[in-house]
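Working notes, structure below.
The values are calculated or read from the model by the stated rules, or taken from the named source; none is laboratory data. Note that the coordinates shown come from a computational prediction; the quantities given were computed from them, not determined experimentally. Glycine also receives a Cβ, built like all others from the backbone with ideal geometry; neighbour counts cover every protein chain displayed.
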Amino acid sequence: MSKLLSILAVAALFAGLFTGCGGKLEETYMPVSLRDASQGQIASPGFKFGFDTPRFIAVDGDLGLVREGNLIEFFTGQDLENKLKMVEGKKYFVGARKVFSPLPHFTIDFMVAGGDTIKVGEPYSVEFPAIIKGFDEGDYEGIDVTALGPSTSQLGDIFDTKFRIENATVTYEQVDWPGGFSGMAYVLSLPNIRFFVDDPTAPMELMLRAFMNEHLYFEGGVKYGERPAAGTRNYRERTKIAGPVTLEYIRYGGSVLPVVKE
């Protein structure tokens, strides 16, 4: 089937689902694939597009990531994280507008699932991750982190040091760091050593969720800034958690996303 006939067929289905469930179809929302909408291959008045059950790989607040094959795009919407829970496990359609500032993304106007139309709308403000090419990793030491353990003597060598971490799994779990942090935290785990992420920014939390939800290995740069204390020794030996690190940048999908500090 040609691309034109495919679009017409999807448009007919899209219209039937709207009118059949009491929703109102706005003809300006052109049903397309995410790739066609992203690359501008299909014209639509007002850059309005309809997406069939987009695959959200991570959502945090008003900002989400949608994957189609190897393509990943940002989607925004007011209270998006909670409104997506209303269509979880269902076939649904999204009406969204392509926006080009501060970077290309899609803002969701509404979602339709079964007989329900869920209004979403533009969020008040969203903080996007910074994305750059040609990032200089020269300030981050190439330490063989896999050779480290949580012992005091080994951790003393990386105190107040920026270094790269590769092939770490990401989890979200309870951390009870003695004399300091206690609560749920993102943990970067290697076979012999683990670190928990100290106070990630909202954009970095979104990306950490993407690593975790897609079972991808973490790659990025961190800073280990807490000198190991004797009072944490038992906890370190029991959990392999060597302490907190601050994220400096993340490498994801072929791009580098640095942490933008105020």
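Return the total of residues in the stretch 127-163 being aromatic (Phe, Trp, Tyr) and either part of a strand (DSSP E or B) or within 18 Å of Val197 (Cα to Cα) (or both).
Going through the stretch 127-163 one residue at a time, the tally reaches 3.
(1) under 30 Å from Pro258 (Cα atoms); (2) out of contact with any strand residue (DSSP E or B) (no Cβ under 6 Å at 6 or more places or on another chain): which one isn't true of Arg55, the others all being true?
Arg55 satisfies every listed condition except (2).
Which numbered condition in (1) on the phi < 0 side of the Ramachandran plot; (2) touching a strand residue (DSSP E or B) at 6+ places or on another chain (Cβ under 7 Å) is the only one that Gly121 fails?
Just one mismatch for Gly121, condition (1).
A quick yes/no check of all residues on (1) under 26 Å from the mean Cα position of the chain (by Cα); (2) at pLDDT 95 or above; (3) closer than 27 Å to Leu80 by Cα:
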| position | (1), (2), (3) |
| --- | --- |
| Ala168 | yes, yes, no |
| Pro191 | yes, no, no |
| Arg233 | no, no, no |
| Ile241 | yes, no, no |
| Gly254 | yes, no, yes |
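State which residue is nearest to Leu206 (Cα to Cα) when the search covers only the stretch 217-241 and only residues that are in contact with a Lys or Arg (Cβ under 6 Å, 6 or more places away or on another chain) and crowded, with 22+ Cβ neighbours inside 10 Å. Please lay out each step first, then the result.
Keep residues of the stretch 217-241 that are in contact with a Lys or Arg (Cβ under 6 Å, 6 or more places away or on another chain), which gives 219-221, 223, 240-241.
From the residues that got through so far, the ones that are crowded, with 22+ Cβ neighbours inside 10 Å too are 220-221, 241.
Numbers: Gly220: 15, Gly221: 17, Ile241: 22 Å.
Taking the candidates together, the pick is Gly220.
Among (1) without any contact (Cβ under 8 Å) to a residue 24 or more places away in the chain; (2) more than 29 Å from Pro258 (Cβ to Cβ); (3) of a type outside the set (Phe, Trp, Tyr), which single condition is Asp116 missing?
Condition (1) is where Asp116 drops out.
Can you work out which of the residues in the stretch 125-157 that are over 21 Å from Met204 (Cβ atoms) and in contact (Cβ under 8 Å) with a residue 60 or more places away in the chain is surrounded by the fewest Cβ atoms within 10 Å (Cβ to Cβ)?
Filtering first and then ranking leaves Gly156.
Given the criterion buried (at least 17 other Cβ atoms within 10 Å of the Cβ), farther than 30 Å from Asn167 by Cβ and either of a type in the set (Ser, Thr, Tyr) or without any contact (Cβ under 8 Å) to a residue 40 or more places away in the chain (or both), identify the matching residue among Val94, Val87.
Values: Val94 fails: either of a type in the set (Ser, Thr, Tyr) or without any contact (Cβ under 8 Å) to a residue 40 or more places away in the chain (or both).
Unique residue meeting the criteria: Val87.
Conditions first: (1) at pLDDT below 95; (2) polar (S, T, N, Q); (3) touching a strand residue (DSSP E or B) at 6+ places or on another chain (Cβ under 6 Å). Thr107 passes all but one, so which condition is the exception?
The number of the failed condition is (1).
For the stretch 233-250, give me each residue that is closer than 18 Å to Glu219 by Cα and of a type in the set (D, E, K, R).
Across the stretch 233-250, the qualifying residue is only Glu248.
For the subset of the stretch 89-126 comprising residues that are among the acidic types (Asp, Glu) and outside any loop (DSSP other than H, G, I, E, B), which member is nearest to the chain's Cα centre (by Cα)?
Quick first cut of the stretch 89-126, residues among the acidic types (Asp, Glu) only: 109, 116, 122.
Now narrow it down to the ones that are outside any loop (DSSP other than H, G, I, E, B): 109, 116.
On the way: Asp109: 21, Asp116: 27 Å.
Ranking the qualifying residues of the stretch 89-126, first place goes to Asp109.
Looking at (1) loosely packed, with under 12 Cβ neighbours inside 10 Å; (2) in the same structural domain as Phe74 (by TED's automatic domain parsing), which is the only condition Thr107 fails?
(1)
Name the single residue, out of those in the stretch 33-70 being of a type in the set (D, E, K, R) and over 17 Å from Gly121 (Cα atoms), that is surrounded by the fewest Cβ atoms within 10 Å (Cβ to Cβ). Full working, then the answer.
To start, the set of residues in the stretch 33-70 that are of a type in the set (D, E, K, R) comprises 35-36, 48, 52, 55, 60, 62, 67-68.
Imposing the further condition that a residue be over 17 Å from Gly121 (Cα atoms) reduces the set to 35-36, 52, 55, 67-68.
Details: Arg35: 14, Asp36: 17, Asp52: 16, Arg55: 11, Arg67: 18, Glu68: 16.
Step by step, filter the stretch 33-70, then rank; the result is Arg55.
Sort out which residues of the stretch 197-210 are free of Cβ contacts under 8 Å to residues at least 60 places away in the same chain and surrounded by fewer than 23 Cβ atoms within 10 Å (Cβ to Cβ), and write them in order of number.
The answer is Val197, Asp198, Asp199, Pro200.
Of the numbered conditions (1) surrounded by fewer than 18 Cβ atoms within 10 Å (Cβ to Cβ); (2) more than 16 Å from the chain's Cα centre (by Cα); (3) more than 23 Å from Ile143 (Cα to Cα), Val175 fails exactly one; give the number of that condition.
Unmet condition: (1).
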